[in-house]
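Notes to accompany the following structure.
The values are calculated or read from the model by the stated rules, or taken from the named source; none is laboratory data. Treat the numbers as computed from the prediction; the structure is a model and nothing was measured. Cβ placement follows ideal geometry from the backbone for every residue including glycine, while neighbour counts extend to all protein chains displayed. These accessible areas exclude ligands, DNA and RNA; they are computed on the full protein's heavy atoms, side chains included. Shrake-Rupley method; radii C 1.70, N 1.55, O 1.52, S 1.80 Å.
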Amino acid sequence: MFDLDRWREIFQAISKNKLRTALSGFTISFAILLFTLLFGIGNGLKHTFEKQFAGDSQNSIYINSGSTTKPYKGLQSGRQIQFRNDDSKFMNEKFEDEIQYFSPNIQRSMQVIYKGEQNRYTIRGVYPDYQPLESAVIQDGRFLSYLDIENRAKVAAVGRLVEKDLFGSLSAVGKNINMEGISYKIVGVFNDPGGDNDERFIYTPFTTMQGMYKPNDELDYIGLTFNPKLSVDEALAFSNLLTKMLKEKHNVDPRDQAAIRVRNYAEGTKNVQQFMTVLNVIILFIGIGTLIAGIIGISNIMVYIVKERTKELGIRKALGATPKSIIGMIMMESIFVTGLAGYSGLMLGVFALKALGTSLEKYFIINPSVETYVVVGATVILIIAGTIAGYIPAKRAASIKPIVALNDE
């Protein structure tokens, strides 16, 4: 492998056959380049879908009420369905094993003031369990606690951009803000992978909001996460049963789709998983096709190279070269050219993906990139193919008698 004379022969053969070497190298480089770009764009599409679902937990369910559109059991259509605290109790008792986190929610838009700064934000009255539903991450202080719920405390956790809007570079934790004439102490600041909109929410204890703005134990909507041990199909069956039982409790026609609306993220997850499976199969099929084309190209070129060098190989045999040394020389040349060209194609592909970067976002492709092990594996496959492609014709050529090789046209 490290025979200096052997490497001199290889470089001499390459320098004398620049076009041949360039063509074989281009075939390999282009195959790896195309392979890298395909997988990078495929991953960019995956990242797009991941971002769309980043704002909420993937096992979230949100339940909203509306007006009935069908008469039922003597009740007229157009009846407004109002959730109350007993609906929360009902769901937790009936589905204790299926529910992981649970929080009723009250939501209002309010003008929020801190000294000379003010802005309008969405205020949500929630339970501490609401934090994992929104995938909110505390960056300073804490989120709401059950002690805050019990004491009906006037405290708030604010989004990162709320802190930036009202407090600039100062920390918001420990400061008091005014929301429609009532003072709330900020106990925490959070960020949210869902983006800027989700970082302009303010969370306060559910009991505090309900006591001030919702008579008769009313609430706006309910959020929960199902047990992560449930499969997608089991989660969908759970939400269907939950919908059915809530409709029965509120005397709603089972066919009425507007009165009680249940949005289960498992359904979107299932659709995305199916789409990504199809996308992966398509990319893999194209990628394998690209590699096969590269392998065929290498094989054809190696056959031509060996045939072109038949006289040279005959002279080498006449001078005493063994078949083993001839095969080894051709294979080393094949491996060297394949490896160098494959690495060049890999680097070109990676740099191309980095250069494209954010310019592909308008086509819904975010952060196009490819895992190193994927393209390295593809390069190794081509190197192995190049080795085999070089070995077969080299072995055939090495077995030809010198006199026959010298008379070859």
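Observations on the structure shown:
- The residue pairs whose first member lies in region 133-150 and is within 17 Å of residue 185 (Cβ to Cβ), whose second member is open to solvent by 40 Å² or more (accessible area, probe 1.4 Å), and whose beta carbons are closer than 6 Å, counting only pairs six or more residues apart or on different chains, are 140/173; 141/173; 143/131.
- Residue match in region 224-246 (condition: open to solvent by 80 Å² or more (accessible area, probe 1.4 Å) and in contact with a Gly (Cβ under 9 Å, 6 or more places away or on another chain)): no
- Evaluation of residue 310 against the conditions (1) open to solvent by less than 20 Å² (accessible area, probe 1.4 Å); (2) modelled with pLDDT of 70 or more shows that the sole unmet condition is (2).
- Residue in region 181-223 that is surrounded by the most Cβ atoms within 10 Å (Cβ to Cβ), counting only those that are part of a helix (DSSP H, G or I) and of a type in the set (Ser, Thr, Tyr): 208
- Test result for residue 22, in a helix (DSSP H, G or I) and at pLDDT 75 or above: yes
- Sole residue being surrounded by 15 or more Cβ atoms within 10 Å (Cβ to Cβ) and under 37 Å from the mean Cα position of the chain (by Cα), chosen from 63, 81, 113: 63
Results for (1) under 17 Å from residue 332 (Cβ atoms); (2) without any contact (Cβ under 8 Å) to a residue 24 or more places away in the chain; (3) touching a helix residue (DSSP H, G or I) at 6+ places or on another chain (Cβ under 7 Å); (4) not in a helix (DSSP H, G or I), shown as yes or no for each residue.
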| site | (1), (2), (3), (4) |
| --- | --- |
| 356 | no, yes, no, no |
| 362 | no, yes, no, no |
| 368 | no, no, yes, yes |
| 374 | no, no, yes, no |
| 378 | no, no, yes, no |
| 382 | yes, no, yes, no |
| 385 | yes, no, yes, no |
| 391 | yes, no, yes, no |
| 395 | yes, no, yes, no |
